[in-house]
Amino acid sequence: MRILIVVPEQDQVSGNWVTAKRFQQGLELQGHQVALSGVSLQPRGHLRRQVLAFVPDVALLLHAYRSGKPWLEEADDLHIPCVVLLTGTDVNHGLDDPAQHDLILTVLRHSSSVLVQNPLLAAELTAAQPGLSANLQILTPGITLGTAPYELRKQHALAMEQVIFLCPAGLRPVKGLLELLEMSGEVAAASPAFVLAFCGPSLEDGYSRRLLAAIESRPWARYLGTIPAEAMASAMRSVDVVVNNSQSEGLANALLEAATVGLPILARRIPGNAAVVRHNVNGLLYGDDVEFLNCALQLLDPKRRRLLACPEPERYPARREAEELAAILKQAISALPAVENATGH
């Protein structure tokens, strides 16, 4: 198959691009030809030119709104079958936003299949949009651990005795980073060894400036910049806890990596996190500020962290994910004649 993966134009350490590159690698290992196309919401003709040059058999759109809108505007008339991978932002924000709702539903109706990688999110979507359930499929998630070295403590002058809570996330409001910083003040007051470290690309300038200013005023907080995706596993092995305070997630690559490595996870109780974090098994889930403080204080104790350090190297095999994805894309291609006959194309 010739497969075009359409992904929002972002920093390539963002979750969408990490996922796209993992899909590309897994599909290419099966012998398929795969191209990636980064798109913006403003039509520029780039996507159409790439489609005409590459001539894909099928397209995979990562993000129903941010990839689907350019696809409808530039390539929908070419009648190439497409499959959409929904994100947590699509489900929890886009479908509730009057500016995005109708377009997202149009993208989903034009798609051969609608994929989610989180069964809890799929259940939410089915309840909210029962008309979409016929095309909805769950793609089993996979993860590929990078092998590049990253001496996080040495590179950022953090001592071995410091207890590092690492929050890998793009800097934007939905990730709840300013709120996490605010909640962590009492943890820092309880332990001089505590460090809250953020890493990830700046995705919204104004928000990033506010966050960096707030970090600057707190000696126990750090911004580490962006860590290459291929070095994230090594970086995680240098810290003590991985934190996620997102308001919504589809399925965070960082949590899949932490669960695979066996690093304790502290995460907000939302469907995107609860699909990975098993409370009191491989991490702790919290619902509010009080629960966060209780859980964070527990994780300052090395004995508690050791009990939650449960490496699961076989839980998210990337090969299985790629095989399932290839079968879904092949099915979309084989269904095209029936769709064309039904629509008169």
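The values are calculated or read from the model by the stated rules, or taken from the named source; none is laboratory data. Remember, predicted model here, so these are calculated numbers, not experimental data. Glycine also receives a Cβ, built like all others from the backbone with ideal geometry; neighbour counts cover every protein chain displayed. For accessibility, only protein heavy atoms count, side chains too; no ligands or nucleic acids. Shrake-Rupley method; radii C 1.70, N 1.55, O 1.52, S 1.80 Å.
Less than 5 angstrom separates the built amide H of residue 266 from those of 242, 243, 244, 284, all sequence-distant by 5 or more or on a different chain. Convex hull volume per residue, computed on the Cα atoms of the chain, equals 132 Å³. Accessible surface area normalised per residue over the chain is 43 Å², counting heavy atoms of protein chains with a 1.4 Å rolling probe.
Only protein atoms count toward the accessible area here, which uses a 1.4 Å probe; on the chain, the carbon and sulfur part of that area reaches 53 percent. Counting only whole DSSP H helices of the chain, the ones at least 15 Å long by C-alpha along their axis and with mean Kyte-Doolittle hydropathy no lower than -0.5 are 205-216, 318-334. For the range 236-245, putting each phi into the Karplus relation 6.51 cos²θ - 1.76 cosθ + 1.60 with θ = phi - 60° gives couplings of 4, 5, 8, 10, 10, 8, 9, 10, 9, 10 Hz, in residue order, rounded to whole numbers and with x for Gly and Pro. Once you divide the Cα radius of gyration of the range 140-230 by 2.2 N^0.38 Å, the number left is 1.14.
In the range 173-226, Rg over Rh equals 0.96, where Rg is the alpha-carbon radius of gyration and Rh the Kirkwood radius from pairwise Cα distances. Mean projected area of the convex hull spanned by the Cα atoms of the range 1-88, taken over all viewing directions: 5.2 nm². Of all aspartates and glutamates in the structure, those lying under 14 Å Cα to Cα from residue 303, and not within fewer than 8 positions of it along the same chain, are 240. Subtracting the Cα-Cα distance of residue 135 and residue 213 from 0.36 nm times their residue separation leaves 23.6 nm of extension gain.
If we sort 106-114, 312-320 on the protection proxy, mean other Cβ atoms within 10 Å, highest first, what's the order? It would help to have the intermediate numbers written out before the result.
On the way: 106-114: 19.8, 312-320: 14.6.
Ranked from most to least packed, the peptides come out as 106-114, 312-320.
Compute log10 of I(q)/I(0) for the range 198-335 with the Debye formula, placing one identical point scatterer on every Cα and leaving out solvent, at q = 0.18 Å⁻¹, to two decimals. Log10 of I(q)/I(0), two decimals: -1.15.
Using the alpha carbons alone, the radius of gyration of the range 64-153 stands to its Kirkwood radius in an Rg to Rh ratio of 1.08.
Rounded to two decimals, the Cα-based Rg/Rh of the range 138-193, with Kirkwood Rh, is 1.06.
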